Amino acid sequence: MPTRRLVTGHSAEGKAIVADDAEITPLTISFLPGSEWLALWSTQRPPSFPDDGAVPPLSTYFPPPGGFSFGIVTFPPDVLPRPVPGDRKAAYLEMERVLPGFAAHMERSNPGMHTSDSIDFGYVISGEIWLELDDGKQTLLRAGDTFVQNGTRHAWRNKGADACKVLFTTIGVQRQPKGVEVARSAV
């Protein structure tokens, strides 16, 4: 189902204007029925004001340091049958075309498990979803719950009977080498 995206900007005189008002159609992949990615806005570099309302180009699903993405992901119930792609190369190419760079982060031996150099802020809009981490421990999140996912290895599992929609803002960060302490500021 399309979602309306309104983008503001500035006129040549510096006045606030609606620069773009469009319906955005979710991205889908044939071998992941029920899954949808609604790419609302992203940039691959530190953000600036795009006063003309032009959508920055997406060259990689997970943004590099300084970049970000904003969107909604629909996770279908895990119990729904998933067709096995007959042509794995074609399936990979489809995923790469729709979600550039996404497949490179996914673990082949543990479907859904992945790690990205990002901080992910999320809000569960509807349904429920389980966050699985390294040790297999899973934590249930329901509609109205929020999370901050700090570049950890994880997977999202929908054990419910209904689709789950999650609003994500993903910010690309530079991963610290193991053993390097990051100073915490006292607020």
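Quick note: the coordinates plus some simple rules give every number you see, no bench work behind them. Because the structure is predicted, anything quoted here is derived from the model rather than measured. With ideal geometry, Cβ positions are generated from the backbone for all residues, glycine too; neighbour counts draw on all protein chains shown.
Some values worked out for this structure:
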quantity	calculated
Computed E for residue 163/residue 48 - FRET, C-beta separation, R0 25 angstrom, nearest 0.05	0.10
Cβ-based exposure ranking for 95, 1, 113, in which fewest neighbours within 10 Å come first	1, 113, 95
Exposure rule at most 14 other beta-carbon atoms within 10 Å, DSSP loop GluC sites (Glu not before Pro): the chain longest free segment	14-106
Set of lysines near residue 178 by C-alpha distance (under 27 Å), chain-local residues within fewer than 8 positions excluded	137
Selected from 64, 93, 41, residue furthest toward positive end of dipole (the stretch 26-172; charges at beta carbon)	93
Only Lys, Arg (+1) and Asp, Glu (-1) charged, at Cβ; the chain dipole about Cα centre in debye	400 debye
Calculated diffusion of the stretch 66-113, Stokes-Einstein form, Kirkwood radius summed over Cα pairs, 4 °C and 1.567 mPa s, µm²/s	100 µm²/s
Under DSSP loop assignment and at most 15 Cβ neighbours within 10 Å, longest trypsin sites (Lys or Arg not before Pro)-free interval of the chain	16-107
Overall Cα dimensions of the stretch 26-172, principal axis frame, Å, largest first	44, 38, 26
For the stretch 11-53: rounded, prolate or oblate by the Cα gyration tensor [a/c cutoff 1.5]	oblate
Sequence-distant aspartates and glutamates (8 or more away, or on other chains) whose Cα lies within less than 17 Å of residue 89	107
Around residue 17: net Lys/Arg minus Asp/Glu count, Cβ-Cβ under 12 Å	-4
Value of relative contact order over the stretch 1-159, rounded to a whole percent, pairs C-alpha under 8 Å and six or more apart	17 percent
Net charge of neighbours whose Cβ lies under 14 Å from the Cβ of residue 66, counting Lys and Arg as +1 and Asp and Glu as -1	+1
